[in-house]
Each structure stands twice: as structure tokens, then as C-alpha cells.
Amino acid sequence: MSCIFCKIIAGEIPSTKLFEDDQFIAIKDLHPQAAVHVLVIPKKHVVSLDEAFPSDGSGDTEFIGKLMATGTRVARERGLLPGGFRSVINTGAGGGQSVFHLHLHILGGGSMSGKFG
Ligand code: 5GP
Ligand code: ZN
């Protein structure tokens with residue numbers, strides 16, 4: 001298995017775990033881009049939103065809904081609400097994805113300058 005997030009989920013690579021349930025883990029990003037930068041990662045290896053939502057329309061919308069719900073829960077637990085936070089999912093190299101195991105970025109704290117920077 002070569003996927004870095006699968007190794008983190010398996011405990012083979014250390015991480016700072018903030019949340020875990022049967023479907024997801026939330027860890028601190030190794031290279032934070034904001035005062036709070038958390039990654040919510042499904043335990044199931046799904047490459048990206050492209051894989052999660054195939055063109056035949058068979059995607060699991062409930063699964064992605066749970067990913068967003070978990071991100072919101074973690075943001076709240078990290079003190080980002082009611083102030084606010086940013087959630088980002090990069091899809092494919094063209095979208096800036098560098099780890100090809102689906103994950104949701106939760107960013108916040110301090111001043112979030114630049115809408116998409
Ligand atoms: P992407 O660019 O794919 O949207 O996001 C990948 C994120 O994973 C980056 O923000 C990067 O800092 C983070 N990352 C890469 N390797 C590791 C690691 O080994 N541990 C942790 N905690 N984060 C990592
Ligand atoms: Zn993986």
C-alpha cells in the first residue's frame with residue numbers, strides 16, 4: 001500500500017488525530033496554511049470527488065454529506081464557530097490535489113485573507 005493517508009489511517013505513519021469514528025479520521029495538516037488546518041479523511045480509500053461521483057450518477061451523496069458534517073463538527077470543536085471557517089476539497093492535479101486519497105481541508109482562525117488563495 002503506497003497511499004500516505006491509508007498509512008496514517010493504519011497507524012503506520014504518525015499523525016495528530018483530532019477525531020475518529022468508524023468512517024473518518026480528522027488530523028492536523030503537516031504544513032498548516034492557517035492557524036487551524038485540519039484534514040478530514042475517509043477511512044475508505046477513494047481517490048477524489050471524480051471517483052466518488054462517476055458520470056453514471058451512482059455516487060454516494062450521503063457519504064460526502066457525512067464528510068461535510070464531520071468537517072463542521074471538527075471546526076466547531078476547534079473553536080472556529082460561530083466565527084467561521086473555510087472548507088476545501090481539491091480534485092485532481094489541475095485542482096491542486098497532491099495526495100490522491102479524498103480529503104476535506106478545514107481552515108480557519110486568525111484572518112483568512114484572499115478568498116481562494
Ligand atoms: P491536497 O494538496 O491533496 O489537497 O492536500 C494534501 C495535504 O496533505 C497538504 O495540505 C499536505 O500538507 C498534507 N499532508 C501531506 N502529507 C502529510 C502527512 O504525512 N501528514 C499530514 N498530517 N499531512 C500531510
Ligand atoms: Zn488511501
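For the chain, adding -39500 (n - 2.57) for each run of n ≥ 4 DSSP H residues and dividing by the number of residues yields -7000 deg cm²/dmol at 222 nm. Candidate cross-link partners of residue 43 among the aspartates and glutamates, defined by an alpha-carbon separation under 19 Å and a same-chain spacing of 8 or more, comprise 12, 20, 21, 22, 29, 51, 60, 62.
Measuring nothing but how far apart in sequence close Cα pairs (under 8 Å, 6+ apart) lie, relative to its length, the chain scores a relative contact order of 30 percent.
Helix 61-77 and the longest principal axis of the Cα set of the chain meet at an angle near 20°. Here the 3J(HN,Hα) profile of segment 96-101, calculated from phi with Karplus coefficients 6.51, -1.76 and 1.60 at θ = phi - 60°, is x, 6, 10, 10, 8, 9 Hz, Gly and Pro shown as x. Above 25 angstrom, tally the Cα pairs of the chain and express them as a % of all pairs, no decimals. That fraction is 20 percent. Using 20 Å as the Cα-Cα cut-off, could you pick out the over-long pairs in 28/115; 7/28; 7/44; 44/66; 66/115? Flagged as over cut-off: 28/115; 66/115. Across all C-alpha atoms in segment 66-117, the radius of gyration and Dmax reach 12.0, 33 Å. Taking the chain as a Gaussian network of alpha-carbon nodes connected by springs under 10 Å, the highest mean-square fluctuation of the residues 98, 58, 15 belongs to 58. In this structure the amide hydrogen of residue 19, modeled in the peptide plane, comes within under 5 Å of the amide hydrogens of 26, none closer than 5 places in sequence on its chain.
Protein-only accessible surface at a 1.4 angstrom probe places the residues 72, 16 in the order 16, 72, largest first. Whole-Hz Karplus values for segment 32-47 come out as x, 9, 7, 4, 10, 9, 10, 10, 9, 10, x, 5, 6, 6, 10, 5 Hz, taken residue by residue from phi with 6.51 cos²θ - 1.76 cosθ + 1.60 and θ = phi - 60°; glycine and proline positions read x.
The values are calculated or read from the model by the stated rules, or taken from the named source; none is laboratory data. Since the model is a prediction, treat every value here as computed from it, not as a measurement. The accessibility values were calculated without ligands, DNA or RNA, using every heavy atom of the protein model including side chains. Shrake-Rupley method; radii C 1.70, N 1.55, O 1.52, S 1.80 Å.
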